[in-house]
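Report on one structure; see the data block that follows.
We did not get these values from a lab; they are worked out from the coordinates using the rules stated. Keep in mind that what you see is a predicted model, and the values were worked out from it rather than measured. Here Cβ is always computed from backbone atoms with ideal geometry, including for glycine, and neighbour counts include all displayed protein chains.
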Amino acid sequence: MTYSLIGITLAVFVLQLIPGLGVTNLLYFTPIAVSDIALHPWRLITTVFVHSTGLIFHVLLNMYTLWIFGQLLEGLLGRWRFLALYLLSGLAGSVGVVWLSDQSAGVVGASGAIFGLMGAFLVIQRRLGGQTTQLFVLLGINLVIGFVPGLNIAWQAHLGGLLGGALIGFIFVETRKRSQQTLQTWLLVAVGIVLLLLSMRYVFLPIG
């Protein structure tokens, strides 16, 4: 699943570079996309597959990080749990943008989902007694970079993804027994529903 996500993301990036297709405009996220002005809910998730075309290091760095944590977590969780973690973390990143950014902000990138992977890995490692010091340092550096003026980094998506991933990691580690698999599934569904409801801030509280 890790390699599939990387492949899809890189394929979308190539399509973004083709003039006239408008792939970026179709898939990026803005809070207005889920509001009384427009209703494009797919953007909550599709934004993790599009990246800045003006800076190739944006997509390359994200894919490198996905490759590292994807291999670790997919091997630990299994492909479908890993996919659920990645997509729900991406959704949580978009929710972070809805609540912490300007309503007209536009964001692209897999960073929210990737911060979710790091958050989940941190929680799982700590609960299972693993070493987490280096990961704490890595997370701290990346979170601080998001606040540096002029870099145009959506720290809101990073924070949302991190918190969402940490919650999902907690669910995974606390329901890891075979007898708890049904409970685990329903908890993941509940997280998804809550995130979708939170994403509808400007539907419940209209902009215009």
Over the stretch 39-88: Kirkwood hydrodynamic radius from C-alpha pairwise inverse distances, Å: 12.3
Pairwise label distance in nanometres, R176 with L196, each label 7 Å out on the Cα-Cβ vector: 3.0
Burial order of peptide ranges 159-172, 41-54 (average beta-carbon count within 10 Å, highest first): 159-172, 41-54
Rounded to 10°, Cα long-axis angle of helix 133-145 versus longest principal axis of the chain: 10
Relative contact order, percent, the chain [alpha-carbon distance under 8 Å, six or more residues apart]: 26
Folded to 0 to 90 degrees: helix 181-199 orientation relative to the chain principal axis, Cα: 20
Extension gain (nm, one decimal) between Y64 and V203, 0.36 nm per residue minus Cα-Cα: 46.4 nm
Gyration tensor verdict on the stretch 6-136 (Cα atoms; rounded if a/c is under 1.5, prolate if a/b is larger than b/c, oblate otherwise): prolate
Computed lengthening from I37 to S104, 0.36 nm per intervening residue step minus Cα-Cα distance: 23.0 nm
Label point distance in nm, W186-L10, each placed 7 Å from Cα along Cα→Cβ: 4.2
Acute angle (nearest 10 degrees) that the helix 155-174 long axis makes with the longest principal axis of the chain, alpha-carbon atoms: 30
Cβ-placed point charges (K, R +1; D, E -1), dipole of the chain about Cα centre in debye, nearest 20: 580
